[in-house]
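Notes follow once the structure below has been shown.
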Amino acid sequence: MSLSELLAILPLMFLGLTPVVMMLVVAFYRNHLLTALIALAGLGMSLAMLPVVGYVGFRPVTPLLVMDGYGTFFMGLILVASGVTAAISYDYFKEFSGNREEYYILLLLAAFGASVLCVAKHLAAMFLGLEILSVSLYALIAYPLTTDRQVEAGLKYLILAAVSSAFLIFGMALVYSNSGVLDLVGIGKLLHPPFSAQDNLLLLSGLAMIVVGMGFKLALVPFHLWTPDVYQGAPAPVAGFVATVSKGSMVALMVRFLSPASLKPGDSLYWMFAAMAVASMFSGNLLALLQNNVKRILAYSSIAHLGYIMVAFLAGGSLAKTAVAFYILAYFITALGAFGVVTLMSAPDKEAERIDDFRGLFWKRPWLGGTFSVMLFSLAGIPVTAGFMGKFYLVSSGVETTRWGLVLSLILTSTIGLFYYLRVVGVLFDHAPDGPSIIPSSKRLPAGYLILGVLVVFLLWAGVFPSSFIHLIHSQLF
């Protein structure tokens, strides 16, 4: 490995080294604050190393990884989201009497696996990154084992993630046996015309199984059934982590894996993805209408939002990558803010999740109630929010390539989603005589509220002045 390649891989090296340091520190001295600070320092150092990648030049590093602008952009989002999760988790676990230090080790290992997915250029790297992420999430979802529901959620995710990994492995084996190729770009090129499904049934079957495995990780319909139970059972900060980091890294991998194929109407894979996208948009929004649990509402909402992203992915064209990247950015800001409010109102032994837990919150805690309202407006796609501009770019990418069916599905299902988002907003401003059934502790540190404030600023900034974010995306992706 040359010096330039070593410098290019520094973000991953710092991110992988930090959990090792944390394990050594915890072995000799347990301290919740110290462990959280080491985690934040490791994430900060990894984030600071990303500009070095651009300085030495984007390049492949070994046959497994490619440190390019696309990968570093998504890696930056993952590092920031992981830092936000670690920061708000400190308050959440501060008064917990059990072991808390292992949580941060697992969190950084999951972030490491997600980062590997963003820069993977080979099926072997893809699988290793995916398993590091998944195995860490098994424990994070069940952490800290205070209720049977957490164990149930962790077990459900374990079983379904294992099934999806089996699909991925078998699909990789079929692809390799047919083509002898494991490189992601090479596989994408195999699907270029004159590709014929009839002449390459083995290759198509392998790719279909890989898509099924990805569908489980992305929670696209019909592979979505685990999502509401896992979100409800997991600790609030972990649910936000799964909604953002886990799914964002899989979107980054999916675009890198299949964008060279230039999926077009008439291709078998195109129709498979299109059916999953439309079903996800309708099922996610319609099922959310029936929920009285805020975490389950956000879970079904995440299914719908992944369906929205698929519109730009399937549309292709010049706007596709920009639309996907901007929408992921907007969704990260919004989902972290929404789950951040839930986290600040929760504790390991008592989660704020029922709608009644938030009734009249604005009048008791105006900052939390106002922040949650803005985040819900963004998820609904209300103007002047990042969510609105994200949907604008998704629709624009679909219109550019005349994918009218997908565009109409997005618009219709977004209209349906307005009902349950505004229903929660109405509860927040309800003049209930007793107020919310759960009131955040006055002992909460100001750091969590400061983080929410920063997220609100970025959400409105991206909604009113999106050009600065678009310029950042273009500088990294093109």
Enumerate the aspartates and glutamates that LYS364 could reach by cross-link, defined here as Cα to Cα under 19 Å, with residues fewer than 8 away along the same chain left out. GLU351, GLU353, ASP356, ASP430, ASP434
At R0 = 30 Å the Cβ-Cβ FRET efficiency linking SER97 and TRP367, nearest 0.05, sits at 0.55
Could you order peptides 84-91, 66-73 by the average number of other Cβ atoms within 10 Å of their residues, highest first? 84-91, 66-73
Filter the cross-link list LYS121/LYS247; LYS350/LYS391; LYS217/LYS321 down to pairs whose alpha-carbon distance in this structure exceeds 30 Å. LYS350/LYS391
Calculated P(r) tail over 33 Å for the chain, as whole % of Cα pairs: 33 percent
Grab the other residues whose beta carbon is less than 14 angstrom from that of SER396, score K and R as +1, D and E as -1, and report the net. +2
HN-Hα J in Hz across the range 404-421 - Karplus 6.51, -1.76, 1.60, θ = phi - 60°, x for Gly and Pro: 5, x, 5, 5, 5, 4, 4, 5, 5, 6, 5, 5, 4, x, 4, 5, 6, 5
Take the Cα gyration tensor of the range 264-392, multiply each eigenvalue by 5, square-root it, and list the three semi-axes largest first, rounded to whole angstrom. 31, 17, 11
Could you size up the charge dipole of the chain around its Cα centre, putting +1 on the beta carbon of Lys and Arg and -1 on that of Asp and Glu, and report it in debye to the nearest 20? 420 debye
Spelling it out for ALA347: with amide H atoms placed in the peptide plane at 1.01 Å from N, the residues 5 or more places away or on another chain with amide H under 5 Å from its amide H are ALA352
Hey, what number do you get for the chain at 222 nm if only DSSP H runs of n ≥ 4 count, each worth -39500 (n - 2.57), divided across all residues, to the nearest 500? -25000 deg cm²/dmol
What fraction, in whole percent, of alpha-carbon pairs in the range 264-478 exceed 28 Å separation? 31 percent
With +1 assigned to the C-beta of every Lys and Arg and -1 to the C-beta of every Asp and Glu, and no other charges, what is the dipole magnitude of the range 264-478 about the Cα centre in debye, to the nearest 20? 140 debye
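Laboratory data are not the source of any read-out in this text; all were calculated from the coordinates shown. Fair warning: this is a prediction, and the values are worked out from it, not measured in the lab. Because the Cβ atoms are built from the backbone with ideal geometry, glycine has one as well, and the counts that use them run over all protein chains shown.
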